[in-house]
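A.B. asks: Shown below is the structure under consideration.
The values are calculated or read from the model by the stated rules, or taken from the named source; none is laboratory data. Everything quoted here is computed from the prediction, not taken from an experiment. Counting neighbours? That spans all protein chains shown, and the Cβs are built from the backbone with ideal geometry, glycine included. Heavy atoms of the whole protein, side chains included, go into the accessibility calculation; ligands, DNA and RNA do not. Shrake-Rupley method; radii C 1.70, N 1.55, O 1.52, S 1.80 Å.
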Amino acid sequence: MSSPRPALWMLIAGAALISTTGVLVRYADVPPTVSGFWRMGFGGLMLVVFLVVSRQWRASRWADWWWMLFPALFFAADLFLWHRSILSVGPGLATLLANFQVFGMALAGVWLHGERLGPRYLWGLALAFAGLWLLVGLDWGTFDPAYRTGVVLGLLTGVAYAAYMLSFRHAQRERSTLPPAQLLAMSSLLCAAVLGLVALGEGASFAIPDLRSLSALLALGLVGQCLGWVLIARAMPQLKASVVGLVLLLQPSLAFIQDVALFQRATLPLEWLGVAVSLAGIFLG
């Protein structure tokens, strides 16, 4: 096993890379379901090519694809909700809201495995929602309906993401012997198929309007589905859980900063306090 320092830098790089996905969704300039379809399609194909070229692809069974369908459905729901939240409230707040999934994961642990929640979890939950209230609760009545809907969709994204993580872990641990990268590739392609069917039902166009849009979608596949998560997956086993949790908070933090810097999101000091309090609560949770 390599020393923790290279693993720490890998984790930081991975968190920084995936923090850009919300911005890339805005730059893609295509309907939200369509951007999810291209992200998963491009990312899945890139992973397959890499695994085949590096001779890491292994023969799969129909059962492997069947069990990967469940995380694919949940992640399709995640992207369906999150991309709409991004377009309504911006990538910064949408990413922060999606990270409330840590509380869903903890509650699932109680429900499914009889785990106990300690005082730190309860403090984290209280802090996270106090920060959210500072961000959006104070002026909730003045927001237009689309913005309020975007906040709700962001929180629902966290629920869908927690379900994705739990179902992927169950399939990986209990139902398949394939390597994680291959399972991720299979899940990505299945997710693209689900989102493609949803987009057809919506009557959306799959056309990519220009070079900037194509670049953003390719970057979503490469960064959001491949490089970022490969770095994170390789680094996590080599580091303490507390370090992993703290470093991964770079994702919503950097996403919020990018939103302010690139899209001129007007943010008051009280809202910055809300971001800090929410992140502290998520870390504790």
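A.B. asks: With the structure loaded, tell me whether Ala106 is modelled with pLDDT of 75 or more and either within 21 Å of the chain's Cα centre (by Cα) or hydroxyl-bearing (Ser, Thr, Tyr) (or both) or whether it fails that test.
C.D. replies: Considered against the rule, which asks whether it is modelled with pLDDT of 75 or more and either within 21 Å of the chain's Cα centre (by Cα) or hydroxyl-bearing (Ser, Thr, Tyr) (or both), Ala106 comes out as no.
A.B. asks: Can you say whether Gly150 is crowded, with 20+ Cβ neighbours inside 10 Å and at pLDDT 80 or above, as far as the supplied structure shows?
C.D. replies: When the stated conditions are applied, Gly150 passes them.
A.B. asks: If I ask for residues that are within 21 Å of Leu153 (Cα to Cα) and buried (at least 22 other Cβ atoms within 10 Å of the Cβ), which ones from the stretch 52-73 would you list?
C.D. replies: Pro71, Ala72, listed by residue number.
A.B. asks: Further question on the same structure: For the stretch 140-150, does any single residue satisfy the condition of being of a type in the set (A, V, I, L, M) and over 26 Å from Val102 (Cβ atoms)?
C.D. replies: Yes, the conditions are met somewhere in the stretch 140-150.
A.B. asks: Does Ala266 qualify as being modelled with pLDDT of 80 or more, over 20 Å from the mean Cα position of the chain (by Cα) and either more than 30 Å from Phe50 (Cβ to Cβ) or not in a helix (DSSP H, G or I) (or both)?
C.D. replies: No: the conditions fail for Ala266.
A.B. asks: Are there helices (runs of 4 or more DSSP H) fully within the stretch 88-148 with at least 3 residues that are under 15 Å from Ala163 (Cβ atoms)? List them.
C.D. replies: Qualifying helices (runs of 4 or more DSSP H): 101-113.
A.B. asks: Just checking, how many residues over the stretch 116-147 are surrounded by fewer than 12 Cβ atoms within 10 Å (Cβ to Cβ) and in contact with a helix residue (DSSP H, G or I) (Cβ under 6 Å, 6 or more places away or on another chain)?
C.D. replies: Looking only at that region, the number is 2.
A.B. asks: Follow-up question, since we're still on this one. Only one residue in Gly14, Gly41, Gly22, Gly36 is assigned to a helix (DSSP H, G or I), open to solvent by 10 Å² or more (accessible area, probe 1.4 Å), touching a residue at least 12 places away in the same chain (Cβ under 8 Å) and not aromatic (Phe, Trp, Tyr). Which one?
C.D. replies: After ruling out the rest, the residue left standing is Gly41.
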